[in-house]
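The next block holds one structure in the form of structure tokens; read it before the comments.
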Amino acid sequence: MNKLLVANWKQNMTLSGLRLWLTDFSTLLETKGYFKNVDILLAPSFPYFSEIVPITVANTNTYICAQNVSEFNGGSHTGDISATQLADYVKYCIVNHTETNTAPVSIKSRIENLVQAQITPIVCFVDAPSKIAAMPACLYAWEDPNNISSGGEFKHPDYSTVHEKIAEFSSMLECDILYGGSVNKSNATELANIPNVAGFLVGHASLDPEHFYALGSTLDS
């Protein structure tokens with residue numbers, strides 16, 4: 001199974017900025033080489049899904065990822081986007097990211113709706129996955145609370161602690177998990193070599209296409 005490199009752009013980039021990012025990243029792929037063992041997931045804001053489609057056609061291991069989904073699958077829920085609607089665009093969707101303040105009671109319904117729509121949920125957790133029942137067809141991402149970047153300032157992980165936590169959590173969930181916590185060029189090699197790391201969930205560093213490409217190269221090596 002390929003490693004996963006997820007660019008969670010959050011509420012960043014306008015249309016012009018996103019188009020420039022895609023142009024620059026496509027150029028890097030064409031000139032420096034496409035990844036053979038890494039799947040790229042790009043998570044823009046909802047209005048920009050269609051802008052991502054061309055790069056997914058040109059590079060078959062690139063996919064659109066949603067940043068969130070409604071707990072409801074339709075009806076009178078102004079501002080919500082259902083899994084059924086997302087299915088027209090995406091193959092993956094982030095669930096329970098710390099910044100969404102998702103109510104615990106709605107996590108299961110979001111996951112079930114996504115799976116029914118044939119979208120793979122990427123379920124985030126912070127302290128321990130024990131509150132999130134392991135479900136088939138899901139991926140899991142640990143948002144390391146000690147190493148989440150803030151304002152573009154990257155922190156330096158304690159690799160031994162990360163190693164222990166990844167081993168503990170992957171054993172509980174019976175699968176490899178994504179790591180999210182100040183992932184950047186300076187720590188990617190160490191993190192990628194930790195057993196049971198399935199890839200990276202990247203925030204701030206993903207806004208720079210060259211930085212993001214470097215992370216992909218690390219996972220691909």
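The values are calculated or read from the model by the stated rules, or taken from the named source; none is laboratory data. Computed from a predicted structure; not experimentally measured. Because the Cβ atoms are built from the backbone with ideal geometry, glycine has one as well, and the counts that use them run over all protein chains shown.
Things to note:
- Among (1) at pLDDT below 95; (2) assigned to a helix (DSSP H, G or I); (3) among the aliphatic types (A, V, I, L, M) - the single one M1 does not satisfy: (2)
- Looking only at region 170-187, and only at residues there that are touching a strand residue (DSSP E or B) at 6+ places or on another chain (Cβ under 7 Å) and assigned to a helix (DSSP H, G or I), the one that is nearest to L219 (Cα to Cα): S170
- Taking region 19-54 as the range and being outside any helix (DSSP H, G or I), farther than 25 Å from N96 by Cα and either in contact (Cβ under 8 Å) with a residue 24 or more places away in the chain or among the acidic types (D, E) (or both) as the test, the residues that pass are Y34, F35, K36, N37.
- Hits in region 188-201 (condition: touching a Pro at 6+ places or on another chain (Cβ under 9 Å) and buried (at least 20 other Cβ atoms within 10 Å of the Cβ)): L191
- Failed criterion for I111 (all others in (1) assigned to a helix (DSSP H, G or I); (2) without any contact (Cβ under 8 Å) to a residue 12 or more places away in the chain hold): (2)
- Residue check, A167 over 14 Å from Y140 (Cα atoms) and part of a helix (DSSP H, G or I): no
- Region 55-84 - residue that is farther than 20 Å from A117 by Cα, in contact (Cβ under 8 Å) with a residue 12 or more places away in the chain and in a helix (DSSP H, G or I) and, of those, farthest from the chain's Cα centre (by Cα): A58
- Filtered residues of region 114-144 (kept if of a type outside the set (K, R), in a helix (DSSP H, G or I) and either on the phi > 0 side of the Ramachandran plot or surrounded by fewer than 18 Cβ atoms within 10 Å (Cβ to Cβ) (or both)): V115, Q116, S130
- Exactly one residue out of A66, A7, A58 is surrounded by fewer than 16 Cβ atoms within 10 Å (Cβ to Cβ), closer than 23 Å to Y213 by Cβ and in contact with a Leu (Cβ under 9 Å, 6 or more places away or on another chain): that is A58.
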